[in-house]
1. For labels at T3 and L18 in the simple 7 Å Cα→Cβ model, what's the distance in nm?
2. Pairs K11/K134; K35/K133; K27/K94; K11/K94: which are spaced more than 29 Å apart, C-alpha to C-alpha?
3. Relative contact order of the stretch 4-132: what whole-number percent is it, with Cα pairs under 8 angstrom and at least 6 residues apart?
4. Label point 7 Å out from V116 along Cα-to-Cβ: which residues of the stretch 37-77 have amide N under 12 Å?
5. Starting from the Cα-Cα distance between S46 and E26, subtract it from 0.36 nm times their residue separation and give me the gain in nm to one decimal.
6. What is the packing order of peptides 96-103, 45-52, 17-24, taking the mean over residues of other C-beta atoms within 10 Å and listing the highest first?
7. For labels at S65 and F126 in the simple 7 Å Cα→Cβ model, what's the distance in nm?
8. May I have the extent of the alpha carbons of the stretch 4-132 along their three principal axes, as whole Å values ordered from largest to smallest?
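Please treat every number below as a calculation from the coordinates, not as lab data. Remember, predicted model here, so these are calculated numbers, not experimental data. No Cβ is skipped: glycine too gets one built from the backbone with ideal geometry, and neighbour counts run over all protein chains shown.
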Amino acid sequence: MTTIQDISLLKIPVVEDLSGNLAFVEKDILPFEFKRVYYLFDVPSSAFRGGHSHIEQHEVLIALSGSFEVTVNDGINKNSYILNKPNVGLHLPKGIWRELENFSSGAVCLVFASDVFAESDYIRDFNDFLTSKK
């Protein structure tokens, strides 16, 4: 059973150069093989994203630009992370409820997912999530 103790912040490798930095994600950087990459952008500061858990999928979230808050819940404990650095990823294992909010102007959230989209992998009701954790 996953808990918020299984969540981790990952350091994304960066090649620093006077003409600009380059960060990269490739094989063995993430704790899983990713099959899908997507990003959220133009999210209004008052908007709320996420509000779900995954049954099997793992994800890593990175703030490519700007900042946003990720609130996580394992059914017992809750924690929040402010993501605001493009070289730090938040690894969310399966079975963790997540909510994203407080997006700054121009924020971009990049997500690496361990699998392709499948609606059957989502738990979108918090009470159903709590039941799944029992």
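1. Roughly 5.1 nm, to one decimal.
2. Where the Cα-Cα span goes over 29 Å, the pairs concerned are K11/K134.
3. 36
4. So the set is empty, nothing qualifies.
5. 3.9 nm
6. 96-103, 45-52, 17-24
7. Placing both labels 7 Å along Cα→Cβ, they lie 3.2 nm apart.
8. 52, 34, 26
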